[in-house]
Amino acid sequence: MLCAVYHGPRKIRVEERPEPIIEPGGMLIRVLACGVCSTDVKTLLRGHPLIKPPAVLGHEVAGVVTRLGESTKGFKVGDYVSVSPYISCGSCYYCLRGEETLCENLFKVRIEPGGFSEYISVPRKIVEKGCVKINGIEPEYACLTEPVACCIHSLAKSNIGQGDSLVIIGSGIMGLIHLQLAKRLKTSKIIVVDLREDRLKVALNLGADIAVNPSTE
């Protein structure tokens with residue numbers, strides 16, 4: 001299969017690699033869409049302390065099940081799915097306190113090799129707790145499941161609700177997702193701050209009450 005392999009800052013090459021092995025309870029996914037996260041961009045530009053080359057980046061994945069491992073349950077070949085790239089251990093100091101995003105073992109159970117490839121292997125634990133069926137949803141939208149989940153978690157931790165005012169610093173993709181989710185929470189006022197007028201216009205079109213450019217105001 002073909003993969004986009006990261007070999008260090010500003011070095012990425014399309015290479016042939018063998019299909020990943022499926023473990024019992026796991027499954028093989030043909031990648032149909034993979035979002036480009038800002039972490040991917042920053043890693044490509046200047047490296048990342050936790051990502052050692054050669055590596056396949058990409059973790060916002062949507063695809064179709066092409067093969068099941070022995071004893072895999074809940075899915076069948078042909079199912080369209082969105083996949084969590086990794087999963088918390090559930091037993092470390094942070095997991096036991098409900099802070100799964102700080103899990104000490106967060107990257108030990110993960111998809112292989114990464115979303116910028118034709119196929120990924122999904123381990124059993126992610127099949128059981130980190131895969132959702134997306135039948136009927138276009139993969140280009142379904143691959144946004146992971147960033148949307150991050151924003152839902154952020155708003156939940158912030159305890160934002162009906163009648164609250166909210167300031168969003170930055171109207172890139174994550175800021176705009178926060179904006180649309182906050183509208184559904186019936187917040188009373190949403191203020192978006194950004195240095196780019198084009199992004200602020202998009203924010204206003206999506207329902208922001210006030211758009212502020214600190215370089216001009």
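The values are calculated or read from the model by the stated rules, or taken from the named source; none is laboratory data. If you're wondering where the values come from, they're calculated on a predicted model, not measured in any experiment. We place every Cβ from the backbone using ideal geometry, glycine too, and count neighbours over all the protein chains shown.
Do we have any residue at all in the range 83-102 that's of a type in the set (Asp, Glu), part of a loop (DSSP other than H, G, I, E, B) and over 17 Å from residue 26 (Cα atoms)?
yes
The residues listed here are 160, 120, 152; of these, the one that is assigned to a loop (DSSP other than H, G, I, E, B) and hydrophobic (A, V, I, L, M, F, W, C) is 160. Apart from one condition, residue 107 fits all of (1) within 15 Å of the chain's Cα centre (by Cα); (2) crowded, with 16+ Cβ neighbours inside 10 Å; the exception is (2). Applying the criterion of being more than 21 Å from residue 149 (Cα to Cα) and free of Cβ contacts under 8 Å to residues at least 12 places away in the same chain to the residues of the range 178-203, the residue that is surrounded by the most Cβ atoms within 10 Å (Cβ to Cβ) is 201. In summary, strands (runs of 3 or more DSSP E) completely within the range 1-72 and bearing 2 or more residues that are among the hydrophobic types (A, V, I, L, M, F, W, C) and free of Cβ contacts under 8 Å to residues at least 60 places away in the same chain occur at 11-16, 60-68. Pick from the range 73-109 the residues that are of a type in the set (Gly, Ala, Ser) and without any contact (Cβ under 8 Å) to a residue 24 or more places away in the chain: which of them is farthest from residue 157 (Cα to Cα)? The residue in question is 78. Once the range 119-146 is narrowed to residues that are surrounded by 16 or more Cβ atoms within 10 Å (Cβ to Cβ) and among the charged types (D, E, K, R), the residue that is farthest from the chain's Cα centre (by Cα) is 124.
Listed conditions (1) buried (at least 19 other Cβ atoms within 10 Å of the Cβ); (2) hydroxyl-bearing (Ser, Thr, Tyr); (3) in a loop (DSSP other than H, G, I, E, B) are all met by residue 215, apart from (1). Going by the conditions given, is residue 166 assigned to a helix (DSSP H, G or I) and in contact (Cβ under 8 Å) with a residue 12 or more places away in the chain? Against the criterion (assigned to a helix (DSSP H, G or I) and in contact (Cβ under 8 Å) with a residue 12 or more places away in the chain), residue 166 does not qualify. Count of the range 146-205 residues, restricted to those that are in contact with a Gly (Cβ under 8 Å, 6 or more places away or on another chain), modelled with pLDDT under 95 and over 26 Å from residue 34 (Cα atoms), is 5. If you scan the range 180-192, which residues turn out to be assigned to a helix (DSSP H, G or I) and farther than 13 Å from residue 152 by Cβ? The answer is 183, and nothing else.
Could you check the range 47-78 and list, in sequence order, the residues that are basic (Lys, Arg) and surrounded by 15 or more Cβ atoms within 10 Å (Cβ to Cβ)? The one that is basic (Lys, Arg) and surrounded by 15 or more Cβ atoms within 10 Å (Cβ to Cβ): 67.
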